[in-house]
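Participant: So that we are looking at the same thing, I have put the structure below in C-alpha cells.
The values are calculated or read from the model by the stated rules, or taken from the named source; none is laboratory data. On a predicted model such as this, the values are computed, not experimentally measured, just so you know. Here the Cβ positions follow ideal geometry from the backbone for every residue, glycine too, while neighbour counts run over all protein chains shown. Protein only, heavy atoms only, side chains kept; ligands, DNA and RNA dropped before computing areas. Shrake-Rupley method; radii C 1.70, N 1.55, O 1.52, S 1.80 Å.
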Amino acid sequence: MAFPDYPLPRSDYPLPRGMQIYCISIACFIGCTGALGTGYRCSGQSALEGSAQQSSTPIDAGQTRTTRDPKQLRQWLESMVWHHRYSRDEILGVTGLDPQSLDASLREFDIRPDNQPQPEVDPPIMVLPYPGGRHPRIGFLDGAIEPQRETKLSIFPPWDRTSYTVLDVPEAIWSNLGLTYLAHTHIDTVWSKQGIRLPQLEWEHHSDGSYRQHRELPNKIAHEVIATPHRDHLEVRMSLFNGTSATLSDLRVQMCAMLKSMRGFEDQTNDNKVFRGPLAACRNSAGDQWVILGFQKNHRTWGNAPCPCLHSDPIFDDCPSGETRSVHGWLSFYQGTEINAELDRIETIWRPTEEISVQGEILDEATDKPIAARLYVRSERGTWHFAESATANGQVIRYEKQNWINSNSNEFHSSISAHPFKLRLTPGRYQVTVERGKEYLPWTQEITVTADLKPLSIRLRRWIDMASRGWYSGDTHVHRPVRQIGIPMMAEDVNVALPMVYWTTRSELTAELGDRTDRDDSRLPAEIVSIDSTHVIWPKNTEWEIFSVHGKPHTLGALFAMNHKTPFNVGIPPVRKVLDQAHREGAFLDMDKHDWPFALTLPPLLGNQLTYELANNHMWRTEFAFSNWNTPAPPWMKLGDGKSGGEKEWIEFTHQTYWALLNCGLRLQPTAGTATGVHPVPIGFGRVYVHTPGGFNYDRWIDGLKLGNSFVTTGPMLFVRPNGDRIDATIEADGPVESVEWVINGVAQSATLTKNASSPHGSVILDSSIKSKFPATTWVALRAWQKSANGRWRFAHSAPVWFDVPDHPLRPTLDQQNFLVQRVEQELSRSRAILPRESLEEYQAAIQHYRELIPQPATK
C-alpha cells in the first residue's frame, strides 16, 4: 500500500473561503497528544518521547502489523509520527519493532515531528488509513474490543490537520444470516461462532487518490469499499456481492464516524448533533465547525454519546444469488453556523439513489480507435462531475483545482485512458466537453440524462499530427506525483513530463530534504519512467522556490534544475553553486516567472545553461487570475500602469522581458511549464515542441530543447526554417489567427503573409518569409496570436534564430539596460540585510554585467 504525503500547510498559497487551512505551530504539534480516554492535551512531550502518560491502554496483540517492506514501513511511520502523532509506545506496539530498530528506521527515513512536509496546494480532502493500535473511541470501549484498522480511514478537516475523524466503513454488516461481519470484537459473528478468524487486510491506495478495501467472506459474500477524496467531501461507495446460493435480505450496515481525535468535538453528548434524513451532523464546542456524515439508501441516523460518534447506517436492497447491491456515502466538513443551509446544499447535489449510469467512449474520428482524452461534465446547476473507468484495465485520474484569488479560475476534469468510461448522473441537462491536447479539435455537446439515454460515442477530429513531422511536446514544470502523471500525459499527448520531485521553499534546506520534496518519488532511480515508447517521465528535477532565507520570511522566487541524475545537496542562495553539478550531470537550469524578485539576477550568473519559461504557470485554459504582478513592468513596455494587467498584458510582459535578455547576448532557450498540480491547468496546456526528426528519443529531445530546435505554444503551431538569405515560416492553427509577427532583436513587426488557406480538417495555414541578412548580430523569432470567441488569448513563439556578425555584437536598448540594472539594484537593496555576503556579491556581479553592456544608439 502506498500513501501520499500530506504535509502541514503554508500560507503562501491560501485556499478559497470555506476551505481555508490554519497552520498549527510546531510547538503545539509536538506537544499535543491523543491520549486515550481524554481527547487532546498538551503533555509537553514529543510524540516520540516517553509515553507512559500518553498511552494509557496497552495495545492488543491483534493490533500489531509487521512489515518487511521498507516503503510500507516508512509510509506507516510517516503517518503515525506526522499525522496521527502516535507516542513511542504506540508505534512500537503497532509496528512490532524493537526500540533500537524503530530509532534506526526513523533516522534512516528522516522522520521527525518537526520535519513534516508542506501540503499540496488546494488539496482534496485529506484521507489516510488509520494505523490502529490506539482506540478510536473515548468511551464505550467494551463495545469495540480490538478494533481492526482495515475498515478505518482517518479524515482530516481543512481547518486543522492535527485532528481527524475516524470513519469505520463498515463497522458491522447484518443480514438474514445474522451478524455477518464486525470490525471489532465484543459479540459473536456467524464466523466467530464457528471458530473462524478472518484474515487481516490493508487498504489499497490507487493512483487516482482513492482507497479500496475488498473482503470475501468464507461463504462467498464479498463486500468492497471505495473511498474517493474530492476537494470538498469524501465520496464513499460500498458494494456487496452475494456469492451464496440464496437471496440475502435485511442487509443493514453500521457506518460510524468517531470523533475522539477531532479537536473540539470530544464532548460525550448527543446535544451537539443534528439528524436530518440520511445526514447526521455534529458541531464543535464553539458551534462554528461541523462534521457531516450521510449514507443512502438509509436505514437510520443516530449518535452514540459515550464514544462519541455519528452514525448514518445504510441498508442494501435484497440481493439475489450472483448479484451485487450498492450504497453511497458522503463525509464533509463545514465551517459556519448555518448548518441547515449546508444540509440543504448537500441534499440538492447529493442524490445517489437517483443516479443513472451513462456509458461512453472516445475515439479518433479517422482511425475509429479509442484514444485517451480530457473530459468535462457540468450540470445545469453548475456542479462538476467526474468519470470512472467502465473496464478493469482502464484508468481515470480526476483533477480538481480552484485558484485562491479568482474562484472562477477552476479546472475540474477527468483524464481518461483509451478505454470506455461511465458517468453517474442524476436526470437533467449537462454540458459535456472533450479535449485532447493541442492537435485535436474540441468536442462539446449538451446532453439530457434519462433512463433511455444511449451510450456516448465521442469522435475527436485531429487537425494536425506533429509527431509525423518529427515534433514532440513537453511540459517542463509539473507538480503532480509520478503515479498520477501518466494518464493525463496520454490524454494530452504530452511526450515528456518533468515533475519537480525535489522542492524546497527554505534557503537552508537542500533540495533532497526540501519541505515540499515528494518522499516517494524522490526515491525513484535516475531512470526514464516510460508510459509507452513516445511518452516518458524523467523523475529527477528540482525546484528551489524560496520564501524564507535562514528562517526569515523573504521571497526570492524560483529556479529549476531539470534532467539531473542525483539529488542536489545544496540550498540557494547563492545560486551559482548549483552550476557544477548541473553541468556534470547534463542538467539544465530553468528560470521560472520573470517577475519573481530575484529572477533577473539569474541570467548573468547562470549564463547559457539557463532556459526561460516563455509559457509559464500563470497561463491557463480557465480564467486568468494573477492580474497583480510581483514586480512592475517598465513604462517602455506600454503595459498600462505596469503593476497589473490582464492575460495578454501578462504574456507581453513575459515575452518582452525575454527579448530584453536576448538583446544582452544571453542565449536563453525557451521552455514551457504549467505547474499543474498547483494551479488550475491541465498538464501541457502551455507546452514546448522540440524537433527530433529521427523519431522520439528522450535524450535527443533534451538535446534539441537545449539547442533551441523548438517553439512554445498555448495554441497555434509554428514551423520556422532558415533558408539561405531568408527565413521561411508556416503557421498552422485550429481556427482563425489574430496576427502574426516577426520579432527582430525585440521589435515586433507585422508579418506579410504569402499564403492564407484552410485545410480539409478545418485548420488555418499561413506562410510568411523574411530576409535574413543583417549588418550586426541579430536574433529573429516568430510569434502568432489567436483570440477565442470568449476573448481569451493564445499564442505561439518560436525559439530565436541567431545570425552572428563578427565584431558587431548585439546590444540592448538603453531602456532595456536600465530596466535590468534597476530591477537587480532594487532587489539588492531589499535583500541587503538578509542575504549572506556571497549572495550579495552575486547581485553585484549581475548589476555589473548589465552595466558593462554598451546600449544601442538612441534613435530619433
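Participant: Going through Leu614, Leu602, Leu662, Leu639 one at a time, which residue ends up being within 26 Å of Leu828 (Cα to Cα) and either in a loop (DSSP other than H, G, I, E, B) or open to solvent by 20 Å² or more (accessible area, probe 1.4 Å) (or both)?
Facilitator: Unique residue meeting the criteria: Leu639.
Participant: Something else now. Look through the range 825-853, keep the residues that are open to solvent by 60 Å² or more (accessible area, probe 1.4 Å) and part of a loop (DSSP other than H, G, I, E, B), and return whichever of them is nearest to Pro597 (Cα to Cα).
Facilitator: For the range 825-853, the residue satisfying everything is Arg832.
Participant: So which strands (runs of 3 or more DSSP E) are wholly in the range 282-400 and hold at least 2 residues that are at pLDDT 95 or above and either more than 30 Å from Leu141 (Cβ to Cβ) or polar (S, T, N, Q) (or both)?
Facilitator: Ranges flagged: 289-296, 298-304, 324-335, 356-364, 373-379.
Participant: Show the residue pairs meeting these rules: Cβ distance below 6 Å; 6+ apart or different chains; first residue within the range 517-534 and touching a residue at least 12 places away in the same chain (Cβ under 8 Å) and hydroxyl-bearing (Ser, Thr, Tyr); second residue part of a loop (DSSP other than H, G, I, E, B) and surrounded by 18 or more Cβ atoms within 10 Å (Cβ to Cβ).
Facilitator: Ser522/Val501; Thr534/Asn495; Thr534/Phe696
Participant: Then there's this: Would it be correct to say that Phe265 is part of a strand (DSSP E or B), over 21 Å from Pro199 (Cβ atoms), more than 28 Å from the chain's Cα centre (by Cα) and among the hydrophobic types (A, V, I, L, M, F, W, C)?
Facilitator: no
Participant: Still on this structure, I have one more. Looking only at the range 410-437, count how many residues are within 19 Å of Asp364 (Cβ to Cβ), among the hydroxyl-bearing types (Ser, Thr, Tyr) and either without any contact (Cβ under 8 Å) to a residue 40 or more places away in the chain or crowded, with 21+ Cβ neighbours inside 10 Å (or both).
Facilitator: Counting residues in the range 410-437 that are within 19 Å of Asp364 (Cβ to Cβ), among the hydroxyl-bearing types (Ser, Thr, Tyr) and either without any contact (Cβ under 8 Å) to a residue 40 or more places away in the chain or crowded, with 21+ Cβ neighbours inside 10 Å (or both) gives 3.
Participant: Here are some residues: Glu361, Glu355, Glu347, Glu380. Which one is surrounded by fewer than 12 Cβ atoms within 10 Å (Cβ to Cβ) and charged (D, E, K, R)?
Facilitator: Sole residue among the options that is surrounded by fewer than 12 Cβ atoms within 10 Å (Cβ to Cβ) and charged (D, E, K, R): Glu380.
Participant: Mind checking whether some residue in the range 66-75 is in a loop (DSSP other than H, G, I, E, B) and crowded, with 21+ Cβ neighbours inside 10 Å? Spell out the reasoning first.
Facilitator: Kept after step one, since they are in a loop (DSSP other than H, G, I, E, B), are these residues of the range 66-75: 66-69.
So of that shortlist, the ones also crowded, with 21+ Cβ neighbours inside 10 Å come out as none.
Checked against the condition, which is being in a loop (DSSP other than H, G, I, E, B) and crowded, with 21+ Cβ neighbours inside 10 Å, the range 66-75 yields no hits at all.
Participant: Return the residues of the range 266-306 that are of a type in the set (A, V, I, L, M, F, W, C) and without any contact (Cβ under 8 Å) to a residue 12 or more places away in the chain; say none if nothing qualifies.
Facilitator: none
Participant: So which residues in the range 667-690 are within 22 Å of Val801 (Cα to Cα), open to solvent by 10 Å² or more (accessible area, probe 1.4 Å) and in a loop (DSSP other than H, G, I, E, B)?
Facilitator: Arg667, the sole residue that qualifies.
Participant: Still on this structure, please answer the following. Which numbered condition in (1) under 30 Å from Asn756 (Cα atoms); (2) in contact with a Ser or Thr (Cβ under 9 Å, 6 or more places away or on another chain); (3) modelled with pLDDT of 95 or more is the only one that Arg700 fails?
Facilitator: (1)
Participant: In this structure, is Pro199 open to solvent by 20 Å² or more (accessible area, probe 1.4 Å), free of Cβ contacts under 8 Å to residues at least 40 places away in the same chain, over 23 Å from Phe265 (Cα atoms) and in contact with a Leu (Cβ under 9 Å, 6 or more places away or on another chain)?
Facilitator: Spelling it out, it is not the case that Pro199 is open to solvent by 20 Å² or more (accessible area, probe 1.4 Å), free of Cβ contacts under 8 Å to residues at least 40 places away in the same chain, over 23 Å from Phe265 (Cα atoms) and in contact with a Leu (Cβ under 9 Å, 6 or more places away or on another chain).
Participant: Additional query: For a quick check of your reading: which strands (runs of 3 or more DSSP E) sit entirely within the range 427-519 and have at least 1 residues that are touching a Ser or Thr at 6+ places or on another chain (Cβ under 8 Å)?
Facilitator: 428-435, 443-449, 471-478, 496-499, 502-506
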